[in-house]
Amino acid sequence: LALLAAGSGGFILALTLAQGLIALRGYGAAAISWSLGIVVFVLVTAAGNDLFLRVELGFVAGSGVAAAAMAVALLLRNGEFHLFL
């Protein structure tokens, strides 16, 4: 249940960041971020034996990668990425 909660939290964060990108007309960045999340989900889900654990880990990893990619894209688009370098 903890993995599903973590995946849901990452997914909600990604949805929120996607809305920020859309508001700043970063449609392409949002689409690329979602695509990266899907690729990571498929790769993680394809590895391992236990079906439920694979899907849960894929959900956490995919939503986390999508949220991270959107956060970076949003910071770059907003011109605030220099704060972290």
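Here is how the numbers come out for the structure above:
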{"item": "Where a residue in the range 1-12 is closer than 16 Å to residue 37 by Cβ and touching a residue at least 40 places away in the same chain (Cβ under 8 Å) and its partner, wherever it lies, is in a helix (DSSP H, G or I) and open to solvent by 50 Å² or more (accessible area, probe 1.4 Å), with Cβ under 6 Å and at least six apart", "result": "7/59"}
{"item": "Where a residue in the range 15-36 is in contact (Cβ under 8 Å) with a residue 24 or more places away in the chain and its partner, wherever it lies, is part of a helix (DSSP H, G or I) and surrounded by fewer than 12 Cβ atoms within 10 Å (Cβ to Cβ), with Cβ under 8 Å and at least six apart", "result": "21/27"}
{"item": "Qualifying residues in the range 19-49 (those that are farther than 12 Å from residue 67 by Cα and of a type in the set (S, T, N, Q)) - the one surrounded by the most Cβ atoms within 10 Å (Cβ to Cβ)", "result": "45"}
{"item": "Pairs with Cβ under 8 Å, 6+ apart, first in the range 44-71 and within 21 Å of residue 23 (Cα to Cα), second in a loop (DSSP other than H, G, I, E, B) and open to solvent by 50 Å² or more (accessible area, probe 1.4 Å)", "result": "none"}
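The values are calculated or read from the model by the stated rules, or taken from the named source; none is laboratory data. For clarity, every value in this text was computed on a predicted model and none was experimentally measured. Neighbour counts are summed over all protein chains in view; Cβ atoms, including those assigned to glycine, are modelled from backbone coordinates with ideal geometry. With ligands, DNA and RNA removed, areas are computed over all heavy atoms of the protein, side chains included. Shrake-Rupley method; radii C 1.70, N 1.55, O 1.52, S 1.80 Å.
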